[in-house]
1. Would you mind finding the one in Ser398, Ser352, Ser365 that is under 16 Å from Pro605 (Cβ atoms), out of contact with any Ser or Thr (no Cβ under 7 Å at 6 or more places or on another chain) and not acidic (Asp, Glu)?
2. Can you name every residue in the range 357-376 that is under 25 Å from Ala313 (Cβ atoms) and out of contact with any Pro (no Cβ under 6 Å at 6 or more places or on another chain)?
3. Checking Arg573 against (1) at pLDDT 95 or above; (2) in contact with a Gly (Cβ under 6 Å, 6 or more places away or on another chain), which test does it fail?
4. For His518, state whether it is assigned to a helix (DSSP H, G or I) and either closer than 28 Å to Pro377 by Cα or at pLDDT 95 or above (or both).
5. State the number of residues belonging to the range 330-351 that are modelled with pLDDT under 95, surrounded by fewer than 16 Cβ atoms within 10 Å (Cβ to Cβ) and of a type outside the set (D, E, K, R).
6. Restricting to strands (runs of 3 or more DSSP E) lying wholly in the range 77-175: which have 1 or more residues that are crowded, with 17+ Cβ neighbours inside 10 Å, more than 24 Å from the chain's Cα centre (by Cα) and in contact (Cβ under 8 Å) with a residue 40 or more places away in the chain?
Amino acid sequence: MPVSRATGDIYFSTVDGLSESQYVFIDGNRLPTRWQDNDDRQPFTIGEIGFGSGLTACLTLETWRQQRPANRQLHYLAVEQSPLSPQDMRRALAPWPSLNPVLARLLEHWPDPLPGCHRRYFPDWGVTVDFWWGDANEILSDLASHGRQWVDAWYLDGFSPSTGPGPWSTEVYAGMAALSKPLATLATFSVARDVREGLSEAGFTTEKRPGFAGKRDTLTGTLCGSVPSPASLTPWDLNPAPKHYHRALVVGAGLAGAHTAYALASRGIEVTVLEADVCAGGGSGNLQGVTYTRLSHRHNPLSDFSVAAFSYATDHYRRLYRSGALRDNLDIGWGGYIQLHDTDETLEHLASVLGLAPDFARVLSADEISDIIGMQPRCGGIHYLRGGWLDPRAVCRSLLAHPLITLREQCGPVQLRQLSNDAWQASNTRGEVLCESPLAVLATAQAALTEPGLEWLPLTVIRGQTTHLPTSKMLSQLPITLCDQGYLPPARQGIHCTGASFGPGDAQTDERGAEHGHNIGMLQQALPHLDLTLGDTKWQGHVALRCNSNDYLPIAGLVPTLDIFNERYDRIRHDRKQIIDAPAPVRPGLAVLTSLGSRGLSAAPLAAELLVDQLLGTLPPAPRYLQRAIAPARFAERALKRGTPL
């Protein structure tokens, strides 16, 4: 029986935890009956405050699998401050082998204990699970700041209120009410007076029902009305009028466009992708790339987004691989990667804390790295255990093979025009209409600047040249990618795609011997004993242009109408902390995803997910501060704060 060392409380009934969960939570919310009546356009959403051992979640998902209405979707919002390890979950749920199929699938995609949201998809079940690790009050307040109602039913399932406040607070109840659809229900084992009164104040009508296994009562409730909370942030990052689209247009078939199209198609939307040249022909055309992150001992939007995106991307590619869309050692290679890192304050801090996430990363000495890769590096570093290397071209092709996606290549430069009905019309340079759609997403890297109304985005073109290094006896033994100033992946068909050079402001695509020398120099610095003599053969590689914003974060979101934005939020110039509760002025149905820089494989999946959820008004896959950190309007808001509007 699992018991919390922190509170001394048990995780579920000592009589029969499975039957208790069925009675208190599933029956208490009348779920199977309500599932049959649910509108198939919107997922049925369950929020669990206190995920604990996962018993109630596994039972819910197994019940859904057995009784799922045709074509219906379930979204499960799991909130937990202290997530258990997979080993402890297996031990806790061992008495109920009927849950093993669901438990095994959850643990295949189990998130590391990193704060924030970890979205996981189970498409064959019609299920999306958002694991939110952190304080329940903070998480619910963050979600409630979007001002939308998503949740149909709540499980209030923390440890007993008598052991500590936990999720039993008026702030949590208010957050639940703010996120609830009309007539949303709740169920909990606690009938404590403070709980009933707090829920009532938040707008829930509660009712006692007979308890389970000798307990006198349990509690159910229905939302009858809640008091709207005032805006906690100026909503310049929010979509003022989200809606469900049946059709969409994406311009660009690189990593940004392919992931955006895939995220839209996965929600049942027909997508046309227009590509000026060929799929993955630009910055996404390298032979190999790496899922990459960079840990820091300080929190900031750049490092936090990097970690969140890496976590989502590595699971995303694992799903593609297991679906058969990516081929082992040709399209994808596993084992994570090693980042060389000189001893400093950051490395010392990470060495002290990474033991809390043993499946995420570990600090290694130079000798330990040598034991793994068979070559002595210049120093120690960090072994990130998730992800690995990928062929970006294969990734784009696999995503665009979705049955709801139509890809049109060789279109030449695409021009967009807004029609009188707010739809977007795409034409080529000859004036031929290629597509019309109520929604258009620009995923064209620095070419997004040619769209009228986007020329103010602070994008910089960056030239990058990789070197195609023939493998050798020593290099052929490399099992995982090694990163230092550059990167060296294992061989793909006898070639290591290594590099890359970094040329901000250089838009030329000629191949240069000096940059091959730079790439080889980076390898020799990382591996001082590596012999890279090539003889008389010339180095060969690939040149691509990437782009970055001036803060090195992606740009993903609806395109703001700049003049109205400046007028509507002008008071920010005089008071940076002032909250102006006015809807963001946006160009209807026009969004952008760009500025992926050299980390497109890692950043694109989460950036596209955030963008599409914003367009549709569905639950976000990340805290709101990360949504604001990548919103196009952030540059306009910063300019106002500086007193120099764009």
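The values are calculated or read from the model by the stated rules, or taken from the named source; none is laboratory data. Small disclaimer: the values here were computed from a predicted structure and weren't measured. Every residue, glycine among them, receives a Cβ derived from its backbone with ideal geometry; neighbour counts consider all protein chains shown.
1. Details: Ser352 fails: under 16 Å from Pro605 (Cβ atoms); Ser365 fails: under 16 Å from Pro605 (Cβ atoms).
Checking each option against the conditions leaves just Ser398.
2. Taking the range 357-376 and keeping what is under 25 Å from Ala313 (Cβ atoms), we get 357-364, 369, 372-373.
If the condition is that a residue be under 25 Å from Ala313 (Cβ atoms) and out of contact with any Pro (no Cβ under 6 Å at 6 or more places or on another chain), then Pro358, Asp359, Phe360, Ala361, Arg362, Val363, Leu364, Ile372, Ile373 are the ones that fit.
3. All conditions are met except number (1).
4. Answer is yes for this residue.
5. Within the range 330-351, residues that are modelled with pLDDT under 95, surrounded by fewer than 16 Cβ atoms within 10 Å (Cβ to Cβ) and of a type outside the set (D, E, K, R) number 3.
6. Numbers: elements: 116-122, 127-133, 151-156.
Per the criteria, 151-156.
Residue by residue, here is whether (1) touching a helix residue (DSSP H, G or I) at 6+ places or on another chain (Cβ under 8 Å); (2) small (Gly, Ala, Ser); (3) surrounded by fewer than 13 Cβ atoms within 10 Å (Cβ to Cβ) holds:
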residue: Gly388; (1), (2), (3): no, yes, no
residue: Arg393; (1), (2), (3): no, no, no
residue: Leu399; (1), (2), (3): yes, no, no
residue: Leu404; (1), (2), (3): yes, no, no
residue: Gly412; (1), (2), (3): no, yes, no
residue: Gln415; (1), (2), (3): no, no, no
residue: Trp424; (1), (2), (3): no, no, no
residue: Val433; (1), (2), (3): no, no, yes
residue: Glu436; (1), (2), (3): no, no, no
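To keep it simple, each residue is scored yes or no on (1) among the aromatic types (Phe, Trp, Tyr); (2) assigned to a helix (DSSP H, G or I); (3) free of Cβ contacts under 8 Å to residues at least 24 places away in the same chain.
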{"position": "Asp304", "(1), (2), (3)": "no, yes, no"}
{"position": "Ser311", "(1), (2), (3)": "no, yes, no"}
{"position": "Arg318", "(1), (2), (3)": "no, yes, no"}
{"position": "Gly324", "(1), (2), (3)": "no, no, yes"}
{"position": "Gly335", "(1), (2), (3)": "no, no, no"}
{"position": "Gln339", "(1), (2), (3)": "no, no, no"}
{"position": "Asp342", "(1), (2), (3)": "no, no, no"}
{"position": "Val353", "(1), (2), (3)": "no, yes, yes"}
